[in-house]
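In what follows, a single structure is set out as structure tokens and then discussed.
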Amino acid sequence: MIEKIFDDLYRLEIPLPRSPLKALNSYLIRGEDRFLIIDTGMNREACLKAMRSCLKELEVDLNKTDFFITHLHADHLGLIGHLATDTSKVYFSRAVAKVISGNEKPSAERRAEGMKFYISSGFPEEELKTAMENHPGFRYSPQRKVDFTQLQEGNEINIGDYTFACIETPGHSPGHMCLYEPRKKLFISGDHILIDITPNITNWADL
């Protein structure tokens, strides 16, 4: 589903199959010669099909498209490996960009450290293994490494008639970042603010 919110700004509803969240709000902004997509959906066929359908309807050229990812959860990040091209910039919070892009530790090492952390916190080991194997964060994350353009508090993203200020909002996840357009009073909150559920605060072993 596509909803026009403001001039050249659209909300794309990306389904999240078998998830109590039902759908993700992705946003598309059309500039003079480029596009910006904010958040993507999980790395699942249903999400990719819905996203491609929306982009086709809006006549989006992915070779002229950049991306902003609010945080590292798979429902916001998962499709970036399918959508980003060699000409794309992928903006992400500096706090976790190096970790997510694999520049600090191999994913297997990070996962082992995470397992050790959760077991030491009282999580039964066998139940933890099952939970990790079925966790959407592992199953539906990007399968292709993507280089990130790192952002921090106060940086700006300019696209068309919009100038977004980056606001760091860690809590729901480390490095969570929102965008604010002061002239239009427009705040894109990712999962920092949700309507009818609590944006739970998570504790990460390596961040």
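Any read-out appearing in this document is the output of simple, stated calculations on the displayed coordinates, not a laboratory observation. Not measured: the values here are computed from a predicted model. Backbone-built Cβ (ideal geometry, glycine too); neighbour counts: all protein chains shown.
A few points about this structure:
- Note, ³J(HN,Hα) from phi for the stretch 158-163, Karplus 6.51, -1.76, 1.60, rounded to Hz, x at Gly and Pro: 9, 8, x, 8, 10, 10
- Using Cβ point charges alone (K and R +1, D and E -1), the dipole size of the stretch 36-94 about the Cα centre works out to roughly 100 debye.
- Sorting 76-84, 21-29 by their mean Cβ neighbour count within 10 Å, with the most densely packed peptide first, gives 76-84, 21-29.
- Overall, the anisotropy analysis places the stretch 1-101 in the oblate class: the square-rooted eigenvalues a ≥ b ≥ c of its C-alpha gyration tensor yield a/c not less than 1.5, with a/b not exceeding b/c.
- Amide H contacts under 5 Å for N155, placed H, 5+ residues apart: C166
- Counted over the stretch 1-92, the DSSP beta bridges are approximately 70% antiparallel.
- Amide proton proximity set for T65, modelled H, under 5 Å, gap of 5+: F35
- The string of couplings for the stretch 165-182 from the Karplus curve (6.51, -1.76, 1.60, θ = phi - 60°) is 8, 8, 10, 6, 9, x, x, 4, 8, x, x, 4, 9, 10, 10, 10, 10, x Hz, one whole number per residue in order, with x for Gly and Pro.
- Across K49/K145; K89/K129; K56/K145; K49/K116, pairs whose alpha-carbon gap is larger than 32 Å: K89/K129; K49/K116
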